[in-house]
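Asks: Handing you a structure now.
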Amino acid sequence: MRLTEYFLPTLISDPKEHETISHKLMQKAGLIDMTSSGIYSFLPIGLLVLRKVENILKEEMDRIGAIELLMPTLTPSSLWKETGRWTEYGDDMFRVKDRKGTEFSLAPTHEEIICDIVRGRVTSYKKLPLAFYQIQTKFRDEPRPRAGIIRGREFLMKDAYSFHATEESAETTYKRFFEAYRRIFDRCGFSYIIVEAEAGLIGGSFSHEFIAISDSGEDTVFVCPKCGYSANSERCEVGVRQIEDPNDGELKEVYTPGLITVKEVSGFLKLNPEQLIKTLIYKQDSEFVAAIILGTDELSEKKLKKVLGCKELKLAKKEVIAEVTGAPAGFSGPIGLPLKMIADNSIKGRKNLVVGGNKIDTHILGVSCGRDFEPGFFADIKIAKNDDPCPRCEGRLEAKRGIELGHTFKLGTKYSQAMNLVFLDETGREHFIIMGCYGIGVSRIVATIIEQNCDDRGIIWPPALSPFDTILININPEDFAMRSLSDEIYSILETEGIKVLYDDRIESPGKKFADADLIGIPWQIIVGKKATKENIELCERKTKNKEFIRLDELTGRIK
RNA sequence: CGGGGUGUAGCGCAGUCUGGUUAGCGCGCAGCGUUCGGGACGCUGAGGUCGGAGGUUCGAAUCCUCUCACCCCGACCA
């Protein structure tokens with residue numbers, strides 16, 4: 001491709017208002033153009049990269065026997081009403097009406113659609129298992145689009161859905177997808193981790209997130225560098241912390257007028273916030289419980305819900321707290337509390353604590369767990385923090401930011417029950433089809449690659465994803481000798497199937513080098529005054545190392 | 001939805017507080033010439049309803065009211 005005949009709108013100055021490195025570079029290098037918040041056009045070289053990612057996805061999906069199809073973007077509300085998601089999705093769903101007033105959704109995902117396709121057509125165990133995949137645009141009216149195409153309102157996604165007669169089959173397919181995802185992320189050259197997203201279903205864990213490590217990420221994940229344990233922040237287990245307290249103290253009430261937060265109380269009492277404990281009152285289904293954690297921790301509602309084994313869990317309302325504890329919110333404490341109490345592991349054996357007095361403007365000092373109050377049981381109910389002990393070894397957890405690129409789920413029969421997807425087994429008995437689903441953010445992958453592969457000059461594409469194999473820079477296209485040599489190199493490489501971006505523009509050399517570095521094509525062939533067929537300069541974008549080789553060696557070197 | 005911020009030429013910005021000729025600057029763009037190994041130089045030129053609506057005023061980019069769009073932090077979220 002001759003650059004003089006192409007469309008590559010690069011920018012010199014940084015686009016304003018954008019913080020994320022990949023977002024800046026994608027705009028600067030002319031990969032994308034914002035049409036509206038969270039809605040982007042892919043410009044020519046951006047699209048080339050997107051297609052490369054798609055091809056990798058297709059190859060790996062095909063390899064495990066998933067079948068590609070394409071579903072509509074505009075989907076009738078009737079399907080969504082079958083599963084209740086017409087209501088559940090709320091404002092995140094884009095909705096439109098047709099001329100007759102019938103309501104449609106711009107599909108945010110496609111479980112309902114694929115189920116409708118399979119329903120009635122796959123009714124025998126003989127036709128199972130089946131796995132489909134789609135690569136298409138999805139729509140979510142995100143409350144806050146951010147970081148360019150990392151969180152857009154319109155984005156390209158690869159989703160896959162599998163259908164099974166048995167749990168074993170679902171598990172086998174799940175593992176296949178899991179391995180396919182590993183290959184995909186390896187081929188893209190990501191530094192990524194896989195975290196358990198939902199532990200403890202029967203037969204093991206069946207939901208995983210594939211997260212690329214990046215400071216621009218939205219999720220916090222924890223990794224143990226010693227044993228490799230990893231999990232997202234809400235679910236990450238925490239090992240036992242060793243906190244040594246002085247001896248038991250004497251109970252003492254203190255007057256703490258209007259001091260509610262841990263910061264306020266510890267500041268007022270001039271105590272380490274680790275001496276404070278928080279007592280949170282929750283409504284569990286129809287009864288109330290107290291969750292007790294360290295003042296410096298945050299409660300993980302997911303963990304609490306799991307240990308309580310309840311369906312609904314909500315922080316109690318202010319009036320209720322006053323009623324059950326005898327004091328306004330902020331002064332709850334475990335002593336004499338007539339509720340079921342669950343304490344975090346880190347409370348066990350602690351002495352000399354500060355707790356709420358269950359009395360307005362009052363806290364109690366010198367409290368020992370076991371002596372002054374006895375929780376119903378101890379469990380790990382806090383959100384992990386950086387440097388917490390690893391639950392599996394004696395290492396320390398490291399908090400990292402990450403971008404969620406893929407998520408695999410075992411869905412079970414949630415959708416097949418709602419939409420009546422049934423099949424007959426060998427004995428003629430009817431069962432619901434068991435499902436799995438497996439998503440990857442395709443456009444998000446492009447941004448993430450840039451996050452992980454760039455320097456102060458611009459993007460550095462991994463060869464497998466670069467929009468072109470090489471860029472050919474003619475320093476001075478008005479010079480006859482340089483032009484003939486460049487033209488010859490260009491036509492030879494093209495003939496040999498190498499994708500060349502040929503910078504034949506009449507521009508200053510500096511501009512050409514800067515653009516080449518910005519758009520990040522892995523190899524730069526530079527034709528200057530001294531170049532001959534025997535002496536062609538080849539520069540590697542990543543290292544900026546230069547070598548001089550013969551024309552007939554070029555193809556082999558680049559491929 | 002809460003908090004903070006920005007809208008002036010294709011891009012990046014100044015001017016707004018303290019209203020007053022014809023709204024500026026850099027880059028980019030067009031023409032001519034000189035250059036040609038790290039965003040070159042000279043000359044000439046094109047390009048703006050100052051986000052939008054309403055108001056105050058003799059006079060509004062500037063003051064007031066409303067509104068729209070976008071960005072960042074948080075809440076929310078596959």
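Asks: In region A:338-385, which strands (runs of 3 or more DSSP E) lie fully inside it and hold 2 or more residues that are buried (at least 18 other Cβ atoms within 10 Å of the Cβ)? Write out each step before concluding.
Replies: Numbers: elements: A:340-344, A:353-356, A:362-367, A:377-379.
Passing ranges, in order: A:340-344, A:353-356, A:362-367.
Matching residues to (1) within 22 Å of the chain's Cα centre (by Cα); (2) small (Gly, Ala, Ser); (3) at pLDDT 90 or above:
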residue: A:LEU8; (1), (2), (3): no, no, yes
residue: A:SER13; (1), (2), (3): no, yes, no
residue: A:LYS16; (1), (2), (3): no, no, no
residue: A:LEU25; (1), (2), (3): yes, no, yes
residue: A:ILE32; (1), (2), (3): yes, no, yes
residue: A:SER37; (1), (2), (3): yes, yes, no
residue: A:TYR40; (1), (2), (3): yes, no, yes
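Asks: Taking the options A:THR172, A:THR123, name whichever one is under 16 Å from A:TYR438 (Cβ atoms), away from RNA strand B (no atom under 16 Å from the Cβ) and open to solvent by 20 Å² or more (accessible area, probe 1.4 Å). Don't jump to the end; show me each part of the working.
Replies: Details: A:THR123 fails: under 16 Å from A:TYR438 (Cβ atoms).
Matching residue, one of A:THR172, A:THR123: A:THR172.
Asks: Kindly provide the set of residues from region A:445-459 that are farther than 19 Å from A:LEU405 by Cβ and either within 18 Å of the chain's Cα centre (by Cα) or open to solvent by 10 Å² or more (accessible area, probe 1.4 Å) (or both), ordered by number.
Replies: Initially, region A:445-459 is screened for residues farther than 19 Å from A:LEU405 by Cβ, giving A:455-458.
Across region A:445-459, the qualifying residues are A:ASP455, A:ASP456, A:ARG457.
Asks: Consider A:TYR502 against the criteria (1) surrounded by 15 or more Cβ atoms within 10 Å (Cβ to Cβ); (2) closer than 25 Å to A:GLN27 by Cβ; (3) within 11 Å of RNA strand B (Cβ to nearest atom): it satisfies all of them except one. Which criterion is unmet?
Replies: With respect to (1) surrounded by 15 or more Cβ atoms within 10 Å (Cβ to Cβ); (2) closer than 25 Å to A:GLN27 by Cβ; (3) within 11 Å of RNA strand B (Cβ to nearest atom), A:TYR502 is out only on (3).
Asks: Please work out if A:ALA160 is more than 16 Å from RNA strand B (Cβ to nearest atom) and of a type in the set (A, V, I, L, M, F, W, C).
Replies: Details: more than 16 Å from RNA strand B (Cβ to nearest atom): no; of a type in the set (A, V, I, L, M, F, W, C): yes.
So A:ALA160 does not fit the description; no.
Asks: What's the number of the condition A:LYS58 fails, among (1) without any contact (Cβ under 8 Å) to a residue 60 or more places away in the chain; (2) part of a helix (DSSP H, G or I)?
Replies: Status for A:LYS58: all satisfied but (1).
Asks: From (1) in a strand (DSSP E or B); (2) farther than 30 Å from A:SER191 by Cβ, pick out the condition that doesn't hold for A:LEU259.
Replies: Tallying (1) in a strand (DSSP E or B); (2) farther than 30 Å from A:SER191 by Cβ, A:LEU259 fails exactly one: (1).
Asks: Residues in region A:1-58 that are within 13 Å of RNA strand B (Cβ to nearest atom) and open to solvent by 60 Å² or more (accessible area, probe 1.4 Å): how many?
Replies: Selection size over region A:1-58: 12.
Asks: On the given criteria, is A:LEU269 in contact with a Ser or Thr (Cβ under 8 Å, 6 or more places away or on another chain) and either among the hydroxyl-bearing types (Ser, Thr, Tyr) or at pLDDT below 75 (or both)? Working first, answer last.
Replies: Details: in contact with a Ser or Thr (Cβ under 8 Å, 6 or more places away or on another chain): yes; either among the hydroxyl-bearing types (Ser, Thr, Tyr) or at pLDDT below 75 (or both): yes.
Considered against the rule, which asks whether it is in contact with a Ser or Thr (Cβ under 8 Å, 6 or more places away or on another chain) and either among the hydroxyl-bearing types (Ser, Thr, Tyr) or at pLDDT below 75 (or both), A:LEU269 comes out as yes.
Asks: For region A:511-553, which residues satisfy the criterion of being more than 6 Å from RNA strand B (Cβ to nearest atom) and in a helix (DSSP H, G or I)?
Replies: Within region A:511-553, A:LYS512, A:ALA516, A:ILE519, A:LEU551, A:ASP552, A:GLU553 qualify.
Asks: So, A:ILE135, is that one open to solvent by 40 Å² or more (accessible area, probe 1.4 Å), modelled with pLDDT of 90 or more and among the aliphatic types (A, V, I, L, M) or not? Full working, then the answer.
Replies: Working: open to solvent by 40 Å² or more (accessible area, probe 1.4 Å): no; modelled with pLDDT of 90 or more: yes; among the aliphatic types (A, V, I, L, M): yes.
Spelling it out, it is not the case that A:ILE135 is open to solvent by 40 Å² or more (accessible area, probe 1.4 Å), modelled with pLDDT of 90 or more and among the aliphatic types (A, V, I, L, M).
Here is a yes/no grid of residues against (1) on the phi > 0 side of the Ramachandran plot; (2) of a type in the set (Asp, Glu):
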residue: A:ASP479; (1), (2): no, yes
residue: A:PRO509; (1), (2): no, no
residue: A:ASP517; (1), (2): no, yes
residue: A:GLY520; (1), (2): yes, no
residue: A:GLY528; (1), (2): no, no
residue: A:ALA531; (1), (2): no, no
residue: A:GLU553; (1), (2): no, yes
residue: A:ILE558; (1), (2): no, no
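Asks: Here's a follow-up. Report, ordered by the first and then the second residue, all pairs with beta carbons closer than 9 Å, sequence separation of six or more or different chains, a first member in region A:426-442 that is touching a residue at least 24 places away in the same chain (Cβ under 8 Å) and in a strand (DSSP E or B), and a second member that is open to solvent by 10 Å² or more (accessible area, probe 1.4 Å) and of a type in the set (Lys, Arg).
Replies: Going by the 9 Å Cβ cut-off, the qualifying pairs are A:ILE434/A:LYS410; A:MET435/A:LYS410; A:MET435/A:LYS414; A:GLY436/A:LYS410; A:CYS437/A:LYS410.
Asks: Show the residue pairs meeting these rules: Cβ distance below 7 Å; 6+ apart or different chains; first residue within region A:447-458 and farther than 18 Å from A:MET157 by Cα; second residue away from RNA strand B (no atom under 13 Å from the Cβ) and open to solvent by 40 Å² or more (accessible area, probe 1.4 Å).
Replies: So the pair list comes out as A:GLN452/A:SER191.
The values are calculated or read from the model by the stated rules, or taken from the named source; none is laboratory data. Model, not experiment: these values are computed from the prediction. We place every Cβ from the backbone using ideal geometry, glycine too, and count neighbours over all the protein chains shown. Each accessible area value is taken on the protein alone, full model and side chains, heavy atoms only, with ligands, DNA and RNA left out. Shrake-Rupley method; radii C 1.70, N 1.55, O 1.52, S 1.80 Å.
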